[in-house]
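Asker: Attaching a single structure in structure tokens format; questions to follow.
The values are calculated or read from the model by the stated rules, or taken from the named source; none is laboratory data. What you see is a predicted model, and the numbers here were worked out from it, not measured in a lab. Cβ sites come from the backbone with ideal geometry, for glycine too, and all protein chains shown count toward neighbours. Protein only, heavy atoms only, side chains kept; ligands, DNA and RNA dropped before computing areas. Shrake-Rupley method; radii C 1.70, N 1.55, O 1.52, S 1.80 Å.
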Amino acid sequence: MVEFLRCQGIVSGFINLGGNIKCFGYHPFRSDKNWHIGIQKPFEKRGEEIGKLIIQEGAIVTSGVYERKFTCNQKIFHHLFDQKTGYPITSNQQSLTIICPSALDADTWATKLFGLSNKKISENLKNQQNLQYISISQKNNINMSSTLQGYFIKK
């Protein structure tokens, strides 16, 4: 989509495909020229942010247990499955956001790493260039790539 838009002469833009976000070029109305992307606070009203990511260009994709779900016998069943059991992943994590240049890569990594500990996420990403993460625990504790310090503002 970005390539198509650039071929049409569009120099900057923001694409949101149901939570898979891609920003390119400079924000046309902000003095800092960066995009300010809200990170949803899990299980809260849509648009209530736990924090804000400041980014110039890239893809931001979140996997979480709080939107695509249903409740049965007071137990929540979400759409992120454990490949060994076929049941929803059981984890201390509510959401995992991946930030990188490619939306496809961000989506792949967000799904692949969801449910892992922060240590395991960091280990998996340490040799991946330009891949960063923001993880939100069940208690809304935030862990993130060290390179995001100063670019993520908690509310």
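Asker: Please count how many residues of the stretch 2-15 are in a loop (DSSP other than H, G, I, E, B) and open to solvent by less than 50 Å² (accessible area, probe 1.4 Å). It would help to see each step written out before you state the result.
Answerer: Restricting attention to the stretch 2-15, the residues satisfying the condition of being in a loop (DSSP other than H, G, I, E, B) are 8-12.
From what's left, open to solvent by less than 50 Å² (accessible area, probe 1.4 Å): 12.
Number satisfying all stated conditions: 1.
Asker: Mind checking which pairs have a first residue in the stretch 53-72 that is under 28 Å from residue 87 (Cα atoms) and a second that is open to solvent by 30 Å² or more (accessible area, probe 1.4 Å) and aliphatic (A, V, I, L, M), Cβ under 6 Å, 6 or more apart or different chains?
Answerer: Between residues of the stretch 53-72 that are under 28 Å from residue 87 (Cα atoms) and residues that are open to solvent by 30 Å² or more (accessible area, probe 1.4 Å) and aliphatic (A, V, I, L, M), the close pairs are 69/76.
Asker: Does residue 65 meet the test of being open to solvent by less than 30 Å² (accessible area, probe 1.4 Å) and either modelled with pLDDT under 95 or out of contact with any helix residue (DSSP H, G or I) (no Cβ under 9 Å at 6 or more places or on another chain) (or both)?
Answerer: Working: open to solvent by less than 30 Å² (accessible area, probe 1.4 Å): yes; either modelled with pLDDT under 95 or out of contact with any helix residue (DSSP H, G or I) (no Cβ under 9 Å at 6 or more places or on another chain) (or both): yes.
So residue 65 passes the test.
Asker: Ok, one more. Assess whether residue 53 counts as being over 17 Å from the mean Cα position of the chain (by Cα), hydrophobic (A, V, I, L, M, F, W, C) and open to solvent by less than 90 Å² (accessible area, probe 1.4 Å). Write out each step before concluding.
Answerer: Details: over 17 Å from the mean Cα position of the chain (by Cα): no; hydrophobic (A, V, I, L, M, F, W, C): yes; open to solvent by less than 90 Å² (accessible area, probe 1.4 Å): yes.
In short, no.
Asker: Another question, if that's okay. Give me a count of the residues in the stretch 98-116 that are farther than 22 Å from residue 1 by Cβ and either within 10 Å of the chain's Cα centre (by Cα) or open to solvent by 60 Å² or more (accessible area, probe 1.4 Å) (or both).
Answerer: At the first step, the residues of the stretch 98-116 found to be farther than 22 Å from residue 1 by Cβ are 112-116.
From what's left, either within 10 Å of the chain's Cα centre (by Cα) or open to solvent by 60 Å² or more (accessible area, probe 1.4 Å) (or both): 112, 116.
Within the stretch 98-116, residues that are farther than 22 Å from residue 1 by Cβ and either within 10 Å of the chain's Cα centre (by Cα) or open to solvent by 60 Å² or more (accessible area, probe 1.4 Å) (or both) number 2.
Asker: Can you pull out the residues in the stretch 124-143 that are open to solvent by less than 40 Å² (accessible area, probe 1.4 Å) and within 24 Å of residue 33 (Cα to Cα)?
Answerer: Once the filter is applied, which keeps residues that are open to solvent by less than 40 Å² (accessible area, probe 1.4 Å) and within 24 Å of residue 33 (Cα to Cα), the stretch 124-143 yields 131, 133, 134.
Asker: Filter the stretch 117-139 for residues that are within 15 Å of the chain's Cα centre (by Cα) and within 18 Å of residue 90 (Cβ to Cβ) and give the result.
Answerer: 118, 121, 135, 136, 137
Asker: Of all residues being of a type in the set (Val, Ile, Thr) and outside any loop (DSSP other than H, G, I, E, B) in the stretch 68-89, which is most open to solvent (accessible area, probe 1.4 Å)? Just the residue, please. So that I can check it myself, show each step before the final result.
Answerer: Looking only at the stretch 68-89, we keep the residues that are of a type in the set (Val, Ile, Thr), and these are 71, 76, 85, 89.
Right, trim to outside any loop (DSSP other than H, G, I, E, B) and you get 71, 76.
Numbers: 71: 93, 76: 76 Å².
Across the stretch 68-89, the extreme among qualifying residues is 71.
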